[in-house]
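The values are calculated or read from the model by the stated rules, or taken from the named source; none is laboratory data. Worth saying up front: this structure is predicted, and the values here are computed from it rather than measured. Every residue, glycine as well, gets a Cβ built from its backbone with ideal geometry; the counts of neighbours run over all protein chains shown.
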């Protein structure tokens, strides 16, 4: 039953993540996302069968933290004002949007604890919803900032590296999906990222 609440929160969070990428790209000169109809909160254009449906269901079935991804928003780096620099901002925009949402959820949780304005049943339910928003929007940016192509962390790293090294690093991208699946299956991701996620959730009052 809890899954019925988890999935819409996850769906909104991954759509916000991708929308932020497209929005930032447009601010820096590339309107590809708008042309392709991806600057929208309509979930249909953003759904990735594996990342938005299958993976969250598998996570719930196995007791793993629920997470996933939406279909990546198209970005044409050659249309950016400064491709090497601007890709850093575009890549950070998605995780940044999730972190902002987590901070807002944390603030709302603090207000709910400090100034209870709802009957207990409604208050507890709202608090649990806010905590779910907080948790998902901490997991998503931490996961996405892992430096494995095509995750956002890899693109930030490519923007920092010298251009020749960035190009060589980008050659991993065709194999990135399989690397991610293997790391997930072996539990490597959560062994590395789990302590970071737990620390941030505790820090923000979750």
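Residue 138 meets all of the listed conditions (1) in contact with a helix residue (DSSP H, G or I) (Cβ under 9 Å, 6 or more places away or on another chain); (2) assigned to a helix (DSSP H, G or I); (3) without any contact (Cβ under 8 Å) to a residue 24 or more places away in the chain but one, namely (3). If you check 90, 75 for being part of a helix (DSSP H, G or I) and under 22 Å from residue 156 (Cα atoms), only one passes: 90.
Within the range 1-32, the set of residues being in a helix (DSSP H, G or I) and farther than 29 Å from residue 129 by Cβ comprises 25, 26, 27, 32.
Does the range 110-120 include one or more residues that are modelled with pLDDT of 90 or more and under 26 Å from residue 90 (Cβ atoms)? Looking for residues that are modelled with pLDDT of 90 or more and under 26 Å from residue 90 (Cβ atoms), one finds none in the range 110-120, hence no.
Looking at residue 189 and the list (1) without any contact (Cβ under 8 Å) to a residue 60 or more places away in the chain; (2) surrounded by fewer than 14 Cβ atoms within 10 Å (Cβ to Cβ), which single condition is not satisfied? Going through the list (1) without any contact (Cβ under 8 Å) to a residue 60 or more places away in the chain; (2) surrounded by fewer than 14 Cβ atoms within 10 Å (Cβ to Cβ), residue 189 breaks only (2). Looking across 72, 119, 141, 83, one residue alone is out of contact with any strand residue (DSSP E or B) (no Cβ under 7 Å at 6 or more places or on another chain) and under 20 Å from residue 195 (Cα atoms). It is 141. Cβ-Cβ contacts under 9 Å between residues 6 or more apart (or on different chains), taken from a first residue in the range 25-49 that is at positive phi and in contact (Cβ under 8 Å) with a residue 12 or more places away in the chain to a second residue that is surrounded by 16 or more Cβ atoms within 10 Å (Cβ to Cβ) and in a loop (DSSP other than H, G, I, E, B), are listed as 29/80.
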